[in-house]
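The next block holds one structure in the form of structure tokens; read it before the comments.
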Amino acid sequence: STVTGFPTSGETGWSSIFGQYLDRQIICSDSANKFYVYNIGQETDDSFAGVYVSTDSGANFSRVFVGLIGTYGIDSFNATMSCVPGNAGHLFFTGGAVGGSTTGSFYRSTNAGVSWTPLTGVTEVYAFGYGKSLAPGGYPTLFIAGFVGGTADSDWGIWRSNDADQATPTWTRISDGFPDGNFSIIKAVSGDMNIYGDVYVGTIGSGFLYGK
């Protein structure tokens, strides 16, 4: 059946003139019925940009956030939008790696994509993922590969937050940005949902690593 609610003509925003070079993960779900999709818009026309939500298992979508999360390009090109496990309506968003700049923000929504807030001091998050919470039944641990607190080499690394549900999460750097001396670009980060503190990091071209 045909999905309704998406733009279907003109500069629809589902692709890009740079599309073949980019890596976007812009669909997630927080229940069997609710799905979220981010539309980046186009360089010359972002009239369809925004977050679209379906509450009927993807049959029909409506736009709940109009416009770009951040700005076109630096906060959008390699975008990842991800739902927080076990916390309906909570999502995080990054524009991904942008080639050495550290101005791209890391965003959070706690109202099912209706509004987005940048996290203070967190920039150019290459990848992020969730792990088992520190306290039983608590908020999932959030792991990121990015900059926290500034743009110096010492601010770049693999970071962990045990309180990512707070307005200003606290962060602990558990590795520099080159875990185990691996200089490959980091493309994926995921915590272990069964063992607190375990985290897996995927790279371009040289496999994956894990930390405990």
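The values are calculated or read from the model by the stated rules, or taken from the named source; none is laboratory data. The shown structure was predicted, so the numbers you read here are calculated from the model rather than taken from an experiment. Don't worry about glycine lacking a Cβ; one is built from the backbone with ideal geometry, like all the others, and counts go over all protein chains shown. We work out accessible area using only protein heavy atoms, side chains counted, and drop any ligands, DNA or RNA first. Shrake-Rupley method; radii C 1.70, N 1.55, O 1.52, S 1.80 Å.
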Okay, which of the stretch 128-172 sit inside 20 Å, backbone N to the point 7 Å along the Cα-Cβ direction of Ala88? 137-140, 165
Taking a cut-off of 12 Å between Cα atoms, list the aspartates and glutamates near Lys34, but don't count ones fewer than 8 places away on the same chain. Asp56
Points 7 angstrom from Cα along the Cβ direction at Gln25 and Ala167: gap in nanometres? 3.0 nm
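Taking the Cβ-Cβ separation of Thr55 and Thr8 as r and a Förster radius of 25 Å, what is the calculated FRET efficiency to the nearest 0.05? Can you show the working numbers first?
Numbers: r = 21 Å, r/R0 = 0.82.
Given R0 = 25 Å and the Cβ-Cβ separation, E is 0.75.
At a temperature of 4 °C and a viscosity of 1.567 mPa s, determine how fast the stretch 81-146 diffuses translationally according to Stokes-Einstein, using the Kirkwood radius over alpha-carbon pairs as Rh; express D in µm²/s, rounded to the nearest whole number.
Estimated diffusion coefficient is 104 µm²/s.
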Carbon/sulfur accessible area of the chain, % of total, 1.4 Å probe, equals 53 percent
Whose amide H sits under 5 Å from the amide H of Ser47, counting only residues 5 or more places off or on another chain, with H placed in the peptide plane? Gln42
Note on the chain: contact order normalised by length, alpha-carbon pairs under 8 Å, 6 or more apart, percent, works out to 12 percent
Near the amide H of Gln25, under 5 Å away, which other amide H atoms are found, from residues 5 or more places off or on another chain, if H is placed in the peptide plane? Ala79, Thr80, Met81
For the chain, max minus min Cα coordinate along each principal axis, in Å, sorted largest first? 48, 38, 31
Could you state the accessible area per residue of the stretch 86-212 in Å², with a 1.4 Å probe and every protein chain left in place? 45 Å²
